[in-house]
Amino acid sequence: MSRKLPGFGLSLGIVLFWLSAIVVVPLSALVGKSLSLPWDGWVAILLDARTLSAFRVSLLCSLAAATLNAVMGTVVAWILVRYEFPGKRILDAMVDMPFALPTAVAGITLTSLWSPHGWLGAPLAELGIRVAYTPLGIMLALAFVGLPFAVRTVQPVLEELPSEVEEAAGLLGADRLQTIRRVILPALRPAILAGFALSFARGLGEYGSVVFISGNLPGRTEIVPLLVMQRLEEFKAPQAAVLGVGMLALSFLFLLPANWLQSRLRRGR
Amino acid sequence: MSISIKGLNKHFGRYHALRDVDLAIPDGELVALLGPSGGGKTTLLRTIAGLESPDSGQILFEGRDAALQRPQERGVGFVFQHYALFRHMTVFENIAFGLRVKPKHERPSEEEIQSKVGELLKLIQLDWISDRYPDQLSGGQRQRVALARALAPKPRFLLLDEPFGALDTKVRKELRRWLRELHDELGMTSLFVTHDQDEALELADRVVVMMEGRVAQVGTPDEVYDRPATPEVFQFLGNVNLFHGRVAEGGFLHHAQATTGTDAALAFVRPHELEVERFASSDSSVPAVLTHAYALGPKVRLELRRKDNGSPMEAELTRDRYRNLGLVAGDSLWVTPTNLRVFCSDEDVVI
């Protein structure tokens, strides 16, 4: 292409400056701080049993919450796009609430609801299911904060999908299940995956809503961001930075393949 | 397959979309549902397909009640106005869809699917782009893929909703001819919706004119064009000049002096059925002034204004006739209808 759209130089300049100021510089500072620790210090922190357990809890709970959100978010988006019912606008607005609510408020509310004495926790406790102060509770909190991502990525794509496409599939002999599996889900797949990735990333870094419901039992319900906070409170900034870099690496490890898959699916259309 | 429709009614909220529609479509015909937008054509088509359920009335496929059959079971091939292709599938997979979703015991083998889809791709002359995605096709190509996809599961009849509506004139003409040939080759009962009278008259064996949710007229293209059943149908089918007058002594009087005779009557004359002359040739000639003339291919269209009541008229001449008359805007002329279609309250007469 010999012709370029005008304004490329200027807009690229603005983008690079902004990204540097907002993302690159803080992250570099984080890495820089962590490098003040020697190699064996890194190993000691990252391979510590408590650290490893926290990473496991963070990772598994985030994955579970993102999976739950991908499924439920798609269902919510489906309802919001495909049906007309009273209160639909209110429901639509409610989806964004987890964005707006201070996460600590959400955390305390969830904890009191799901604790063994809470409205929802008490009946479950009688069945022997504990939610608060277990990984299940962490997952619930992460599902709460990540839900808007899953809904808001799928919703516009679903709106763009004409209902005629479903009618066409039906008239060609597909039953409802085949229509969903072969026509609707493939069209939504990139969006669902994007929602999953965003919800997962949000879950990994989430702190405020989790600390209350998790109970923070070392080795069982302790998450990485909490460890980071603890190191900071002990004025051990380099140690905290090492944990931060570890989380960063972990996010990249999962988000890069997700993005790659997403662009491949997009191209496939 | 023959389709027969009895007393069909459909409401959308307070809007009465279909009013007592009765219609019989014989096996193997290519039928046009013609009418202005909002006339109920698409609703009728979608109801036949089973995409809408009627409030009352019956649809019979070869005598069997369609209400007992789900859309999938009706054997309908449906082509949507905006194609509704599956965007994440190649052309090949789009066409193969109807074969792949068949229940296991009816589903053809992979080789059969390959050869069946190959045949259809040849039929629509697109076998060279079978691995493209719908986004990479032109409008005409997409429409042909949509048609092949509808034909793949061997439907018993074909329904097309404004099949050429979104295409430009040239492609539309080509596709029209191609669809006619295809229909003659396959002999499948086909029903298409259009608001373009040229398309309906050119393509169809039979034209169903729909207005305000009712069937206004059913007939061959010639019948519908030459003998419109109502003034509304007449006005919808092409340009028309309107004369007010009365019927007296078996003739239509459109002059102001027609004070005797029957009730008020309306007469319609097509532009090519108006004789244009320098002098009055009969009692029924009307004086007019030429306001504008322009060429339309081999014809010349004249815009005239009646001297007696100032109403506008349109006439159509051959280029030769136009040249021989040596017309210029502002000329005073006499206009004589050669063929009048008169609608007089409830009876109508051709004079």
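List the chymotrypsin sites (Phe, Trp or Tyr not before Pro) in the stretch A:55-164 that DSSP assigns to loop (not H, G, I, E or B) and whose Cβ has at most 16 other Cβ atoms within 10 Å. Which are they?
Numbers: sites: A:PHE55, A:TRP78, A:TYR83, A:PHE99, A:TRP114, A:TRP119, A:TYR133, A:PHE144, A:PHE149; in loops: A:TYR83, A:TRP119, A:TYR133.
In loop regions of the stretch A:55-164 (DSSP not H, G, I, E or B), the sparsely surrounded chymotrypsin sites (Phe, Trp or Tyr not before Pro) are A:TYR83, A:TRP119.
Based on the Cα gyration tensor of the protein assembly as shown, what are the three equivalent ellipsoid semi-axes, each the root of five times an eigenvalue, rounded to whole Å and given largest first?
Value: 71, 29, 25 Å, ordered largest first.
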Exercise. If we count every other residue with Cβ under 11 angstrom of A:GLY173's Cβ, Lys/Arg +1 and Asp/Glu -1, where does the sum land?
Worked result: +3
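If you take the square roots of the eigenvalues of the alpha-carbon gyration tensor of chain A and sort them as a ≥ b ≥ c, do you get rounded (a/c under 1.5), prolate (a/b over b/c) or oblate? Numbers along the way, then the final one.
On the way: a/c = 2.13, a/b = 1.22, b/c = 1.75.
It comes out oblate by the Cα gyration axes.
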Seminar exercise, completed: Cα convex hull volume per residue for chain B, in Å³, equals 171
Exercise. For the stretch A:194-264 and the stretch A:112-130, what is the separation of their C-alpha centers, rounded to whole Å?
Worked result: 27
Exercise. What lysines sit close enough to A:LYS236 to cross-link, taking a C-alpha to C-alpha distance under 30 Å and skipping anything fewer than 8 places away on the same chain?
Worked result: A:LYS33
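Using only the Cα atoms of the stretch A:122-269, build the gyration tensor, take square roots of its eigenvalues as a ≥ b ≥ c, and label the shape rounded, prolate or oblate: rounded if a/c is under 1.5, else prolate if a/b is larger than b/c, else oblate.
Working: a/c = 3.66, a/b = 1.79, b/c = 2.05.
In terms of gyration-tensor shape, oblate.
Which whole-number percentage describes the relative contact order of chain A, with Cα contacts under 8 Å and a sequence gap of 6 or more? Let's see the in-between values first.
Numbers: 309 pairs, mean separation 81.6, N = 269.
So the answer I get is 30 percent.
When Lys and Arg each count +1 and Asp and Glu each count -1, what net charge do the other residues less than 15 Å away from A:ALA241, Cβ to Cβ, add up to? Could you put the intermediate results ahead of the total?
Working: positive: A:LYS33, A:ARG231, A:LYS236; negative: A:GLU233, A:GLU234.
So the environment of A:ALA241 carries a net charge of +1.
Just in the stretch B:271-345: which trypsin sites (Lys or Arg not before Pro) are loop by DSSP and have at most 15 other Cβ atoms within 10 Å? Let's see the in-between values first.
On the way: sites: B:ARG278, B:LYS299, B:ARG301, B:ARG305, B:ARG306, B:LYS307, B:ARG319, B:ARG321, B:ARG323, B:ARG341; in loops: B:ARG278, B:LYS307.
Sites meeting the loop and neighbour criteria: B:ARG278, B:LYS307.
Please go through the stretch A:205-269 and write out the chymotrypsin sites (Phe, Trp or Tyr not before Pro) that DSSP classes as loop and that have at most 15 other C-beta atoms within 10 Å. Let's see the in-between values first.
Numbers: sites: A:TYR207, A:PHE212, A:PHE235, A:PHE252, A:PHE254, A:TRP260; in loops: A:TYR207, A:PHE235.
Of the chymotrypsin sites (Phe, Trp or Tyr not before Pro), the ones in loops of the stretch A:205-269 whose Cβ has at most 15 other Cβ atoms within 10 Å are A:TYR207, A:PHE235.
Suppose all protein chains stay in the model; what accessible area per residue would a 1.4 Å probe give for chain B, in Å²?
47
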Exercise. Antiparallel DSSP bridges in the protein assembly as shown: what percent, to the nearest 5?
Worked result: 75
Problem set entry | Alpha-carbon centroid distance for the pair the stretch B:321-335 / the stretch A:134-191, whole angstrom | 68
Seminar exercise, completed: Interface buried area B-A, accessible surface with 1.4 Å probe, both sides summed, nearest 100 Å², comes to 1900
Exercise. In whole percent, what relative contact order does the stretch B:46-92 give with Cα contacts below 8 Å and a gap of six or more residues?
Worked result: 29
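Decide, for the stretch B:118-161, between rounded, prolate and oblate: order the square roots of the alpha carbon gyration tensor eigenvalues as a ≥ b ≥ c, take rounded if a/c falls under 1.5, and otherwise choose prolate if a/b is larger than b/c, else oblate.
On the way: a/c = 2.41, a/b = 1.44, b/c = 1.68.
It is oblate, given that a/c is not under 1.5 and a/b is not larger than b/c.
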Exercise. Which helices pass in chain A if a helix is a full DSSP H run, must span at least 27 angstrom along its long axis by Cα, and must have mean Kyte-Doolittle hydropathy not below -1.0?
Worked result: A:49-82, A:135-160, A:185-205, A:237-267
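I'd like the carbon and sulfur percentage of the solvent accessible area for chain B, probe radius 1.4 Å, heavy atoms only, ligands and nucleic acids excluded. Present the calculation step by step, with values, prior to reporting the outcome.
Details: 7940 of 16470 Å².
Answer for chain B: carbon and sulfur cover 48 percent of the accessible area.
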Exercise. So how far, in whole Å, is the C-alpha centre of the stretch B:28-67 from the one of the stretch A:5-31?
Worked result: 60
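Considering the convex hull of the alpha carbon atoms of the stretch A:1-75, report its projected area averaged over all viewing directions, in nm², one decimal. Could you put the intermediate results ahead of the total?
Working: hull surface 40.6 nm².
Mean orientational projected area (the stretch A:1-75, Cα hull): 10.1 nm².
Given a cut-off of under 8 Å on Cα pairs at least six residues apart, what relative contact order in percent is computed for the stretch B:8-130?
On the way: 84 pairs, mean separation 20.3, N = 123.
Once divided by the residue count of the stretch B:8-130, the mean separation gives 17 percent.
The values are calculated or read from the model by the stated rules, or taken from the named source; none is laboratory data. Predicted model only: the values in this text are computed from it and were never measured. Glycine also receives a Cβ, built like all others from the backbone with ideal geometry; neighbour counts cover every protein chain displayed. To get the accessible areas, we keep the full protein, side chains included, count just its heavy atoms, and leave off ligands, DNA and RNA. Shrake-Rupley method; radii C 1.70, N 1.55, O 1.52, S 1.80 Å.
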